[in-house]
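A short write-up of the structure that comes next.
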Amino acid sequence: MPLTEDASETTPVSARWTTRIALFSAALVLSALFLHRLFSIPTPVALNLVKLSILGGFISLALAFIASVRIWRVGAAGGARVFVGGLIALAVIGWPLPQLATIRDKPEINDLTTDTKSPPPFKKLAAARARDANNPKYPGAAFAEAQMRAYPDLRPLQINRSVAEAYEISADALRRQRLSLVNEEPPGEDFPATGLIEAYDRTPIWGFYDDVAIRVTGNSQTAQIDVRSASRYGAHDLGRNTERIRRILKEIVVRLEATVPTAEGDTLRRSSARRER
């Protein structure tokens, strides 16, 4: 009586490699996320790992199709392997897909500012950028035109406060938004005066670095606040910099509404805070 053939011997090679490559691709994505977010491996390295994982996902799906045909025709084993591997591969390939609509609908720019003619400069942040990162200099007219068409609301903030108060409030707004400040240059005493604040932010999940600069100009009565936000890597920011500038400006307005100006240029809390003293 012939011995029964072991099921693993009838499993197509393509079915076995479907699961192996899918698992390897998923491990690459998770490793890239973990190492970039927690250990700050270079962003290009993390992006290359993601690209490799997506390629592996497509290879796994191709193998899953080949194995499915074999299983259907000759009744070979390995259906569970193909099913699990295919699901993992779809997850690896599918997680970036929701961003396609954003890429289609938003302009391909990565450096936005409320003053496109004379953007706030990056000083210390420029030195922090690696050679393979985006150029810290503002790209120019092409970006300005694309921004104006897509985000016409990004404009300088004019306020009736002294330049010193505006600077203090702007710095406080960045801290409340949990940005990491790296450079603070308060305005001088000679008017018109200019102050500069530089900070960086990290995206919530992947931890990609984006740079922010706030320039405050004015005198003892009025001030203008300009904000710039730019991605260190990538040609398309998926609208992150626009959202960040809007959040910062909104936070500044909230801070302005929560304070009252004084002749000395100091920031005081409203009457509710004064009653607590």
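The values are calculated or read from the model by the stated rules, or taken from the named source; none is laboratory data. All values derive from a computational prediction rather than experimental measurement. For neighbour counting, all protein chains shown are included, and Cβ atoms are generated from backbone atoms with ideal geometry for every residue, glycine included. Remember, those area values only see protein heavy atoms, side chains included, never the ligands or the DNA or RNA. Shrake-Rupley method; radii C 1.70, N 1.55, O 1.52, S 1.80 Å.
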Hey, among 139, 187, 204, which residue is in contact with a Phe, Trp or Tyr (Cβ under 7 Å, 6 or more places away or on another chain) and not aromatic (Phe, Trp, Tyr)?
187
Out of region 207-217, which residues are in contact with a Lys or Arg (Cβ under 9 Å, 6 or more places away or on another chain), in a strand (DSSP E or B) and not acidic (Asp, Glu)?
209, 212, 213, 214, 215
Please go through region 207-217 and pick out each residue that is in contact (Cβ under 8 Å) with a residue 60 or more places away in the chain and within 8 Å of the chain's Cα centre (by Cα).
207, 208, 209
Got at least one residue in region 50-60 being of a type outside the set (A, V, I, L, M), open to solvent by 30 Å² or more (accessible area, probe 1.4 Å) and within 19 Å of the chain's Cα centre (by Cα)?
yes
Return the residues of region 243-265 that are modelled with pLDDT under 50 and surrounded by 13 or more Cβ atoms within 10 Å (Cβ to Cβ); say none if nothing qualifies.
265
Give the number of residues within region 64-78 that are open to solvent by less than 40 Å² (accessible area, probe 1.4 Å) and at negative phi.
5
Filter region 218-233 for residues that are more than 28 Å from the chain's Cα centre (by Cα) and part of a strand (DSSP E or B); the one that is nearest to residue 256 (Cα to Cα) is 223
